[in-house]
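Nothing in this text is a laboratory measurement; each read-out follows from the coordinates by a stated rule. Please read these numbers as outputs of a predicted model, since none were measured by experiment. Here the Cβ positions follow ideal geometry from the backbone for every residue, glycine too, while neighbour counts run over all protein chains shown.
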Amino acid sequence: MRSSSTLATILTLKQSGENNRTVTLLTPADGIVWATLYGGPKSRLRSLVSPFNSGTVWLYRDETKNSCKLTDFDVKSYHPSFRENLFKTYAASFASEILIKSRCAGSPEQAFYLLNGLLDGMEKSTENNSRLGLVRFLWRYTGLLGTRPDVHLCCQCGKSLTEEPYAAYIETENGLVCSDCLPPLPQGSSGRIMLSGASITYLQAVATLEPKEVRKIIIGERTLAELKDFCYFLIQNACGTRFLSLESGIAVL
C-alpha cells in the first residue's frame, strides 16, 4: 500500500455504486490511470474532480486489492467556458477518447501536454479558433501515433508540394500526390481526398513552426472545413475504431 502524487487531468467520470465514481485520469508518467472517488454529493472532492480539470492529484494504491483511490486534488486549471459551449465540451471529450483508446500513442508525457495545450487553448479562445485548435491537435497527434502523412513532398515523384495548387491524399499510400502524378479515379471509387494549396500550407506550418507562430495564421472557412474532414478521417483510420463522442456530437463537431 502506498500514497503518491502526480500531475493529472480528469478525462471522464462514471458512477460506481450509490455514492462513488470511477475517475479516468491522464498523467504524464503513467498515461491513463483509473481511480475510485469515494463520497456523496456533498463531498469537497466531488466538486473538484470534474472533467478536464487539471492539477496535482493524490492517489492511494492497495496492490493486494489491485485498487486505486483518489484522496485529494489540487486543481490548477479550470475550464468554465466548456459548460457554456457545446463545441468545446464535445471537442474535449473527443480528444480524451482518442487518448484513452490509443493508450496515449505510447508517449504519455507528450500526449499529456498536447491535450492540456488544447484544453487551455480552447478556454482562452472563441469557438471558431477552438475549431482550428482541434484540427492542430489531431494533426500533431497523428504525428505522435506515427501515422501522419508527409505533406511536404509528393509520395510518388518527390516533388515539393509547397507551390502546388492542390494535391490528393491516397489512402493506400498514406501520402499526398501532386497534380502531375494524380491517377485517374476508377469509377465508383472514393479512395482519395483532395486538399487545396491553402490546406497543405497550413498543415506544413503546424508540423514545422512553433505553436505561437501557427496561431497567427488566418485561414478561411472552406479551408477549415477541408482540414477538419481530413484530420477526422486520419485519426479514425489510425486508431481503427469508432469514437462515440464524435458520433454523438457530429452535429456540433
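Each principal axis of the Cα cloud of the range 107-167 was evaluated for its coordinate range; sorted largest first, these ranges are 42, 29, 11 Å. Think of it as helices only: each DSSP H run of n ≥ 4 in the chain is worth -39500 (n - 2.57), and spread over all residues that comes to -12000 deg cm²/dmol at 222 nm.
When the P(r) is computed for the chain, the part past 33 Å accounts for 27% of the Cα-Cα pairs. Ordered by the count of other Cβ atoms within 10 Å of each Cβ, fewest first, E123, E163 give E163, E123. Straight Cα distances below 23 angstrom link K228 to the lysines K88, K101, K124, K212, K216, with same-chain residues fewer than 8 positions distant left out. Based on every Cα atom in the range 18-76, Rg and the maximum pairwise Cα distance Dmax equal 11.3, 32 Å. Cβ-Cβ distance of I100 and S67, R₀ of 22 Å, FRET efficiency by 1/(1 + (r/R0)^6): the value works out to about 0.65. Take the Cβ atoms of T162 and S248, set R0 to 30 Å, and the FRET efficiency comes out at 0.20. Counting every other Cβ atom within 10 Å of each residue's Cβ, E18, E247 order from fewest to most as E18, E247. One Cα centroid belongs to the range 160-238, the other to the range 17-31; the line between them spans 37 Å. When the alpha carbon coordinates of the range 116-209 are projected onto the principal axes, the ranges are 45, 29, 24 Å, largest first.
Look at the Cα gyration tensor of the range 144-253: its axes a ≥ b ≥ c give a/c of at least 1.5 with a/b at or below b/c, and that counts as oblate. The range 39-105 and the range 114-152 have Cα centres separated by 20 Å.
For K69, the lysines whose Cα comes closer than 19 Å to its Cα, not counting residues fewer than 8 places off in the same chain, are K14, K42. Sorted fewest first by neighbouring Cβ atoms within 10 angstrom, V252, V23 come out as V252, V23.
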